[in-house]
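K.L.:
Below is one structure. I have some questions about it.
The values are calculated or read from the model by the stated rules, or taken from the named source; none is laboratory data. Since this is a predicted model, take the numbers as computed values, not measurements. Cβ coordinates were reconstructed from backbone atoms using ideal geometry, including for glycine residues, and neighbour counts include every protein chain displayed. All accessible areas refer to the heavy atoms of the entire protein, side chains included, with ligands and DNA or RNA removed. Shrake-Rupley method; radii C 1.70, N 1.55, O 1.52, S 1.80 Å.
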Amino acid sequence: MALTNTRDIMNLAAAAGIGQGAFNVIHLETIEGLIGGAEAAGRPVILQISENCAKFHGGLEPVAAATLAAARRASVPVAVHLDHAEDEALAYEAVDLGFGSIMYDGAHFEYEQNVEVTARVAAYAHARGVYVEAELGKVGGKDGAHAPGVLTDPTEAAAFVAATGVDALAVAVGSSHAMTERSAALNLLRIAELKAALDVPLVLHGSSGVADEMIAAAIAAGMTKINVSTHLNGFFTRAVREYLDANPAVVDSRKYLGAGRTALVPEVARLLDLFAGAGKSDN
């Protein structure tokens, strides 16, 4: 229970053929809401801190300290992951702070330089027992390989994994970051082809724009780690807005932030149950 290495959580999900939820931290109230949802479902969760989140808090260490402390107090396994780090130094800092995993995003480089830097980051992390995720190209919403119609090539993906030694790979199959409508159409055939070509778990970024049924089908086709941020941010923000509309005189921020935190719990639990029930496991 409590703070867990990402490798352990991912290995269990991959072996069972089920999906594993990975949800983004924004601030302390989301940390608490995400863990509360995992505890309500009785399932593991991966908490993700993005490079943008670290910048918002003035650096990685403050938000990392809060996330790691909350994870240690949880009654279910909680892993802490660095999401979409383009700054190589930030990836090393996350490893040194005790993260269970990092995602180094070298997609802004040409392929050969991406391989070189990703392999260097992976070697540093692996020497310290830290799990490593990477991606080829950029997930939609940031242009590049995950833009509409662009798909990850299985042969190139296999070569990239072999050259870098990463433990999981985010792939382009039709999703896009920061979508507020769940209308993305995933290429299930390409997911199956990537699953067959790779010996590491596949990661779906931009899952907020994907409907439940499509996510379930993607997990059945071979996806393991399912990243969600914008979708859950919507639940938090709507609850805050509703509270302020109903209580226009309130000045204590704990009141409306508490409403947002509470709103996360049932949706996080629902998503974790959905992902865990979507694969080949009987659980």
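K.L.:
Looking at Ala276, Ala239, Ala263, Ala269 in this structure, which one is open to solvent by 20 Å² or more (accessible area, probe 1.4 Å) and hydrophobic (A, V, I, L, M, F, W, C)?
P.N.:
On the way: Ala276 fails: open to solvent by 20 Å² or more (accessible area, probe 1.4 Å); Ala239 fails: open to solvent by 20 Å² or more (accessible area, probe 1.4 Å); Ala269 fails: open to solvent by 20 Å² or more (accessible area, probe 1.4 Å).
Selected residue: Ala263, the only one of Ala276, Ala239, Ala263, Ala269 that is open to solvent by 20 Å² or more (accessible area, probe 1.4 Å) and hydrophobic (A, V, I, L, M, F, W, C).
K.L.:
What number of residues within the range 42-70 are over 22 Å from His205 (Cβ atoms) and assigned to a helix (DSSP H, G or I)?
P.N.:
Matching residues across the range 42-70 total 7.
K.L.:
With open to solvent by 10 Å² or more (accessible area, probe 1.4 Å), without any contact (Cβ under 8 Å) to a residue 60 or more places away in the chain and in a helix (DSSP H, G or I) as the only criterion, which of Ala125, Ala94, Ala119, Ala107 stands out?
P.N.:
Details: Ala125 fails: open to solvent by 10 Å² or more (accessible area, probe 1.4 Å); Ala94 fails: open to solvent by 10 Å² or more (accessible area, probe 1.4 Å); Ala107 fails: in a helix (DSSP H, G or I).
Answer to the selection: Ala119.
K.L.:
Which one of these does Val63 not meet: (1) open to solvent by 20 Å² or more (accessible area, probe 1.4 Å); (2) closer than 21 Å to Ala94 by Cβ; (3) not small (Gly, Ala, Ser)?
P.N.:
Every condition holds for Val63 apart from (1).
K.L.:
Given the structure, is Val240 within 22 Å of Val25 (Cα to Cα) and in contact with a Gly (Cβ under 7 Å, 6 or more places away or on another chain)? Explain how you work it out, then say what you get.
P.N.:
On the way: within 22 Å of Val25 (Cα to Cα): yes; in contact with a Gly (Cβ under 7 Å, 6 or more places away or on another chain): yes.
Spelling it out, Val240 is indeed within 22 Å of Val25 (Cα to Cα) and in contact with a Gly (Cβ under 7 Å, 6 or more places away or on another chain).
K.L.:
Taking the range 1-19, which residues are open to solvent by 10 Å² or more (accessible area, probe 1.4 Å) and either at pLDDT below 95 or farther than 19 Å from Leu68 by Cβ (or both)?
P.N.:
Met1, Ala2, Asn11, Leu12, Ala14, Ala15, Ala16, Gly17, Ile18, listed by residue number.
K.L.:
Do you know which of the residues in the range 243-260 that are closer than 15 Å to Ile26 by Cβ and open to solvent by 30 Å² or more (accessible area, probe 1.4 Å) is nearest to the chain's Cα centre (by Cα)?
P.N.:
Looking at the filtered set, the residue picked out is Leu257.
K.L.:
Can I ask one more? In the range 192-207, which residue that is more than 27 Å from Gly234 (Cβ to Cβ) and among the aliphatic types (A, V, I, L, M) is least open to solvent (accessible area, probe 1.4 Å)?
P.N.:
Leu194
K.L.:
Within the range 71-89, take every residue that is in a helix (DSSP H, G or I) and open to solvent by 20 Å² or more (accessible area, probe 1.4 Å) and give me the one that is nearest to Ala119 (Cα to Cα). Don't jump to the end; show me each part of the working.
P.N.:
Narrowing the range 71-89 to residues in a helix (DSSP H, G or I): 71-73, 88-89.
If we keep only those that are open to solvent by 20 Å² or more (accessible area, probe 1.4 Å) too, we end up with 72-73, 88-89.
Working: Arg72: 30, Arg73: 33, Glu88: 11, Ala89: 14 Å.
So, considering only residues that are in a helix (DSSP H, G or I) and open to solvent by 20 Å² or more (accessible area, probe 1.4 Å), the one nearest to Ala119 (Cα to Cα) is Glu88.
K.L.:
While we're looking at this one, here's another question. Does at least one position in the range 134-154 carry a residue that is at pLDDT 55 or above, out of contact with any Phe, Trp or Tyr (no Cβ under 6 Å at 6 or more places or on another chain) and part of a helix (DSSP H, G or I)?
P.N.:
Within the range 134-154 (the criterion being at pLDDT 55 or above, out of contact with any Phe, Trp or Tyr (no Cβ under 6 Å at 6 or more places or on another chain) and part of a helix (DSSP H, G or I)), the answer is yes, since at least one residue qualifies.
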